[in-house]
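Visitor: I have a structure here, written as structure tokens, and I will follow up with some questions on it.
Derivation of every value follows stated rules applied to the coordinates shown; laboratory data play no part. Bear in mind that the values here come from a model prediction, so they are computed numbers and not experimental data. Using ideal geometry, Cβ is built from the backbone for each residue, glycine included, and neighbour counts are taken over all protein chains shown.
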Amino acid sequence: MEARRLAILCSHLNPSSPYPTRDSILRAFDCTSGSSDDEKVESSNLQNDCVFCKIVRGESPCLKLYEDDMCLCILDTSPLIHGHSLIIPKLHYPTLEQTPPSVVAAMCSKVPLISNAIVKATDSDSFNLLVNNGAAAGQVIFHTHIHIIPRKERDCLWASESLRRQTLKLDKEASQLALRVREQLCRVPEEQLVQPSS
């Protein structure tokens, strides 16, 4: 598997041809690839009825943009805008707070690479990075995922862009909110606060 990863990395750094071959395009977008015994995702951490778990297992179609050992990026099947994509972990975690920090870090570490490619491919100016975490926040598929939404100037994608933001009032209410958040952070186990060494 390490040799495969190195070969993929080298092919991106020194492509043999400036134009992709038909086979390389089909491999890149075949969601059933990676089904060899050494690359199978542990099925005990996948849900039978979860659409993202079905995609990971190769049981549901998708247009794959990127894949590694921890996560994959696909085009959203109900995009807000052309190029709207999702980074999903290969193991099932219903919400962000249930996702191990190492998995969140792996997903987030791919954002610069993937978003840059999406922005260029869609001739966009920038992008939104979004996580809908929980039903009240608009999460529909309860398998952690990060939205990458390419944006163009004046695309008016969000209705809220026309709303004016209000300046934070540094009053008693804001101070109490900050205090309550800090109290919650003090209750977090020590091992969750330790930063991994680089």
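Visitor: Evaluate the distance, in nm, between pseudo-label points positioned 7 Å from the Cα of GLU190 and of ASN132 along their respective Cα→Cβ axes.
Guide: Simple spin-label model gives 4.0 nm for this pair.
Visitor: I need the calculated FRET efficiency for the pair SER109 and ASP171, taking r as the beta carbon distance and R₀ as 35 Å, to the nearest 0.05. Walk me through the numbers on the way to the answer.
Guide: On the way: r = 38 Å, r/R0 = 1.10.
Efficiency for this residue pair is about 0.35.
Visitor: Enumerate the calculated ³J(HN,Hα) couplings along segment 176-187 in order (Karplus 6.51 cos²θ - 1.76 cosθ + 1.60, θ = phi - 60°), each rounded to whole Hz, writing x wherever the residue is Gly or Pro.
Guide: After applying 6.51 cos²θ - 1.76 cosθ + 1.60, I find 5, 4, 4, 5, 5, 5, 4, 4, 5, 5, 5, 8 Hz.
Visitor: For ASN116 and VAL140, compute 0.36 nm times the residue count separating them, minus their Cα-Cα distance, and round to one decimal in nm.
Guide: Working: separation 24, 0.36 × 24 = 8.64 nm, distance 2.61 nm.
Value of the extension gain: 6.0 nm.
Visitor: Quick check: pseudo-label points 7 Å beyond the Cα along Cα→Cβ at GLN47 and TYR66, how many nm apart are they?
Guide: 2.5 nm
Visitor: With respect to the cross-link table entries LYS54/LYS152; LYS54/LYS120; LYS64/LYS110; LYS90/LYS120, which display a Cα-Cα separation exceeding 21 Å?
Guide: Values: LYS54/LYS152 32 Å; LYS54/LYS120 29 Å; LYS64/LYS110 14 Å; LYS90/LYS120 26 Å.
Pairs exceeding the cut-off: LYS54/LYS152; LYS54/LYS120; LYS90/LYS120.
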